[in-house]
Amino acid sequence: MNTQNDQELAKKIKALLDRGNNDLRQGIVYKLQLARQAALAKMAGRSDSPQTATVHGLATAGGTGTIGSMRRLVTDFRLWLAVLIIAGGAYFYDYWTILQQASEIAELDSALLGSDLPVDAFLDKGFENWLKRSGE
């Protein structure tokens, strides 16, 4: 008895959907027909039908893409792997440049400290001015 009610409900839904198709363009009706056939083939366990291969996703309301393509884009591990590699490369490049700057500063400090200047010269307020003038 439950299957009879389901069949009646399906017939009513089908009639309403068919009535709504009268106002649609022919190309859209054809795409809907292919999508319906693919869905019925999937339900029946015949996913190897030729219509299934041509219809991967239903067109969105705006007609700008497909429902399945956005989900595949978000869940595609290759995309996330590429993003991870690029972000990691940028992080390690930044880390490397900071290390290079630190080593240059350390070399400069060791050269200054290893020179023949007495410690009092480093404490003199005019020493910094002298370094700036001599560096130019």
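The values are calculated or read from the model by the stated rules, or taken from the named source; none is laboratory data. What you see is a predicted model; the values in this text were computed from it and never measured. For neighbour counting, all protein chains shown are included, and Cβ atoms are generated from backbone atoms with ideal geometry for every residue, glycine included.
So here's what we get for this one:
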{"item": "Which numbered condition Gly45 misses (of (1) modelled with pLDDT of 80 or more; (2) on the phi > 0 side of the Ramachandran plot)", "result": "(1)"}
{"item": "Matching residues in the stretch 102-114 - criterion: being surrounded by fewer than 10 Cβ atoms within 10 Å (Cβ to Cβ) and of a type outside the set (A, V, I, L, M, F, W, C)", "result": "Gly114"}
{"item": "Pairs with Cβ under 6 Å, 6+ apart, first in the stretch 30-41 and more than 18 Å from Arg19 (Cβ to Cβ), second among the polar types (S, T, N, Q)", "result": "Leu34/Gln51; Gln37/Gln51; Ala38/Gln51; Ala38/Thr52; Ala41/Ser49; Ala41/Thr52"}
{"item": "Filter result (surrounded by 10 or more Cβ atoms within 10 Å (Cβ to Cβ) and either closer than 30 Å to Lys31 by Cβ or modelled with pLDDT under 80 (or both)) within the stretch 61-101", "result": "Gly65, Thr66, Ile67, Gly68, Ser69, Met70, Arg71, Arg72, Leu73, Asp76, Leu79"}
